[in-house]
Amino acid sequence: MADNGLTKKTLLKATLVLIAGITVLLLLKGPLARGYEAVILAAELGGFSPPSLIYHSPHVSSEVLCLSHNSRQFTADLYLSEHSPVAGIVLLHGATPDGKDDPRLTEFAKLLAARRFAVLVPELIGPQHRQIDIDDTQPVVDAFRFLNNYPGVESQVGIGGFSVSAGLGFLAALRPEIGDDVAFIVSIGGYHSLPRTLDYAITGQYELEGIWHRQSPNPYGKWLFVLSNLETLQEAVDQWALRRIANRRIASEQADISDLEPLLTPEGQAVLTYLTKVNHDHMNVQYLALPSAMREHIEALDLANKPLQQLSARVLLIHGRDDTIIPYSESIALARELPPNQVELYLVQGLHHVDSKLDRLQDIWHFWRACYALLQQRDRDAT
């Protein structure tokens with residue numbers, strides 16, 4: 001049986017050594033101090049609150065701004081800490097009804113603001129209503145312009161996005177109005193080829209190094225596709241019926257839709273066939289059978305047909321190996337389309353699309369490296 005006195009002494013000694021080491025780090029500048037910050041950020045993102053003896057989080061406040069461009073107005077939340085910001089990031093919410101008020105997003109924004117980022121979260125009407133459209137890039141551009149002129153963060157502003165909204169970040173960065181000014185892009189669970197991502201959402205299959213793999217996809221992805229493309233359909237009855245089919249199947253993949261299927265026109269039926277008649281060998285044929293306006297909408301949001309090599313921004317790609325909405329192979333493909341000296345790729349087991357639950361030491365290590373890389377972008381002008 002262990003000596004309790006000895007155990008307490010050992011624990012006290014270890015604690016004192018830890019505090020002393022942290023004190024030294026706090027007095028240092030550059031990589032060591034940044035490494036310590038990355039440890040704290042990774043811990044907080046993982047749901048662990050560091051003891052107050054180790055780290056004191058600065059106060060973060062937020063305010064709602066009303067931004068406008070060409071008579072168009074939208075709101076955005078600006079997060080700042082009690083310390084002056086040294087960099088900025090436009091943070092894009094995913095396809096969620098909570099929009100910019102999604103608790104996961106607001107928590108992330110606060111953590112970044114505590115690291116001396118000025119964080120601006122614009123309201124994206126499309127994703128908030130489970131619709132993704134190329135027009136959603138405009139508020140991203142406008143938000144970036146605002147933040148790029150914010151005192152203290154000029155020329156060191158990036159864009160960060162989750163899931164399909166990460167695609168909007170890339171599309172906005174390719175716009176000539178801001179392209180040369182975007183310092184960095186952070187993509188968490190993003191895509192490269194949207195048609196390929198849709199195939200995965202339907203079949204669960206993805207290709208990596210010439211080998212096909214399969215896992216059970218989250219059906220939310222394919223029904224989000226329906227909701228995002230309803231306005232491309234010509235007939236109102238197709239829009240009405242497919243909206244209800246999508247909402248039922250989001251609630252339960254086994255929901256009965258037999259009362260709605262007979263209402264569909266051939267155009268609407270082509271969409272439903274593409275989503276429900278799963279045959280990996282025929283997916284391309286079924287995709288080409290979709291209404292042309294729908295395919296044009298998909299191709300407008302696709303990144304595989306865009307000149308990504310023109311990006312001057314530093315790109316950080318973070319993806320979960322067990323992502324059931326967008327496969328991690330998409331971030332691998334995206335990395336290959338970018339200049340090697342501009343991109344960093346971090347693949348983590350336990351990052352479930354945008355939610356993290358890290359159990360393995362190597363994944364905690366990769367997560368820390370990603371946090372360090374983000375903080376490095378904040379400090380780029382100083383290094």
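Residues that are touching a residue at least 40 places away in the same chain (Cβ under 8 Å) and closer than 23 Å to ALA95 by Cβ: which helices (runs of 4 or more DSSP H) entirely in region 177-261 hold 1 or more of them? If you could, list the steps in order and put the result at the bottom.
Working: elements: 194-203, 220-229, 236-251.
Fully inside region 177-261 and qualifying: 194-203, 220-229.
As a summary of the residue check, LEU301 satisfies the conditions (1) open to solvent by less than 60 Å² (accessible area, probe 1.4 Å); (2) farther than 30 Å from PHE170 by Cα; (3) not basic (Lys, Arg) except for the one numbered (2).
Of the residues screened, LEU120 is one that is in contact (Cβ under 8 Å) with a residue 12 or more places away in the chain and more than 18 Å from HIS56 (Cβ to Cβ).
Take the residues of region 101-116 that are charged (D, E, K, R) and open to solvent by less than 20 Å² (accessible area, probe 1.4 Å): which is farthest from the chain's Cα centre (by Cα)? It would help to see each step written out before you state the result.
In the first step, residues of region 101-116 are kept if they are charged (D, E, K, R); the result is 101-102, 104, 107, 110, 115-116.
Narrowing the set further to residues that are open to solvent by less than 20 Å² (accessible area, probe 1.4 Å) leaves 102, 115.
Working: ASP102: 13, ARG115: 19 Å.
Among them, the one singled out is ARG115.
As a summary of the residue check, ASP135 satisfies the conditions (1) in a helix (DSSP H, G or I); (2) farther than 24 Å from ARG249 by Cα; (3) in contact (Cβ under 8 Å) with a residue 12 or more places away in the chain except for the one numbered (3). Residues that are closer than 18 Å to GLN131 by Cβ, aliphatic (A, V, I, L, M), open to solvent by 70 Å² or more (accessible area, probe 1.4 Å) and at pLDDT 95 or above: does region 245-256 have at least one? Within region 245-256, none of the residues are closer than 18 Å to GLN131 by Cβ, aliphatic (A, V, I, L, M), open to solvent by 70 Å² or more (accessible area, probe 1.4 Å) and at pLDDT 95 or above. For region 179-221, the set of residues classified as polar (S, T, N, Q) and surrounded by fewer than 23 Cβ atoms within 10 Å (Cβ to Cβ) consists of SER193, THR203, GLN205, GLN215, SER216, ASN218, listed by residue number.
Restricting attention to region 295-340, the residues that are of a type in the set (Lys, Arg), closer than 27 Å to LEU227 by Cα, in contact (Cβ under 8 Å) with a residue 40 or more places away in the chain and in contact with a strand residue (DSSP E or B) (Cβ under 6 Å, 6 or more places away or on another chain) total 0.
Which of the residues that make up region 279-296 are outside any helix (DSSP H, G or I) and surrounded by fewer than 16 Cβ atoms within 10 Å (Cβ to Cβ)?
ASN279
Of all residues in region 306-320, count the ones that are surrounded by fewer than 19 Cβ atoms within 10 Å (Cβ to Cβ) and outside any helix (DSSP H, G or I).
The qualifying residues number 3.
The number of residues in region 35-83 being at pLDDT below 70, within 20 Å of TRP368 (Cβ to Cβ) and either of a type in the set (Ser, Thr, Tyr) or open to solvent by 50 Å² or more (accessible area, probe 1.4 Å) (or both) comes to 6.
I'd like the residue in region 241-263 that is over 15 Å from PHE225 (Cβ atoms) and of a type in the set (S, T, N, Q) and, out of all such residues, is farthest from the chain's Cα centre (by Cα). Checked region 241-263; the qualifying residue farthest from the chain's Cα centre (by Cα) is SER258. For region 321-338, a residue qualifies if it is open to solvent by 20 Å² or more (accessible area, probe 1.4 Å), among the hydrophobic types (A, V, I, L, M, F, W, C), within 22 Å of GLN309 (Cβ to Cβ) and part of a loop (DSSP other than H, G, I, E, B), but none of them does.
Within region 85-115, the residues that satisfy the criterion of being small (Gly, Ala, Ser), modelled with pLDDT under 90 and not in a helix (DSSP H, G or I) are GLY94, ALA95. The residue of region 126-165 that is nearest to the chain's Cα centre (by Cα), among those that are over 18 Å from ASP77 (Cβ atoms) and hydrophobic (A, V, I, L, M, F, W, C), is VAL164. The lone criterion from (1) open to solvent by 20 Å² or more (accessible area, probe 1.4 Å); (2) touching a Phe, Trp or Tyr at 6+ places or on another chain (Cβ under 7 Å); (3) closer than 14 Å to ILE159 by Cβ left unmet by GLN138 is number (2). Taken together, the criteria exclude VAL86 from residues that are closer than 24 Å to ASP181 by Cα and crowded, with 23+ Cβ neighbours inside 10 Å. Give the residue that is modelled with the lowest pLDDT, with candidates limited to residues of region 121-135 that are open to solvent by 50 Å² or more (accessible area, probe 1.4 Å) and hydrophobic (A, V, I, L, M, F, W, C). The qualifying residue modelled with the lowest pLDDT is ILE125.
Before we move on, is TYR346 touching a His at 6+ places or on another chain (Cβ under 9 Å) and modelled with pLDDT of 90 or more? Before the answer, list the steps.
Values: touching a His at 6+ places or on another chain (Cβ under 9 Å): yes; modelled with pLDDT of 90 or more: yes.
Yes; evaluated as a whole, the condition is true for this residue.
Working only within region 157-174, note down all residues that are open to solvent by 10 Å² or more (accessible area, probe 1.4 Å), modelled with pLDDT of 95 or more and not in a helix (DSSP H, G or I). Within region 157-174, LEU174 is the sole residue that qualifies.
The values are calculated or read from the model by the stated rules, or taken from the named source; none is laboratory data. Here the structure is a predicted model, which is why all the values come from computation and not from measurement. All Cβ positions, glycine included, derive from the backbone under ideal geometry; neighbour counts span all protein chains shown. All accessible areas refer to the heavy atoms of the entire protein, side chains included, with ligands and DNA or RNA removed. Shrake-Rupley method; radii C 1.70, N 1.55, O 1.52, S 1.80 Å.
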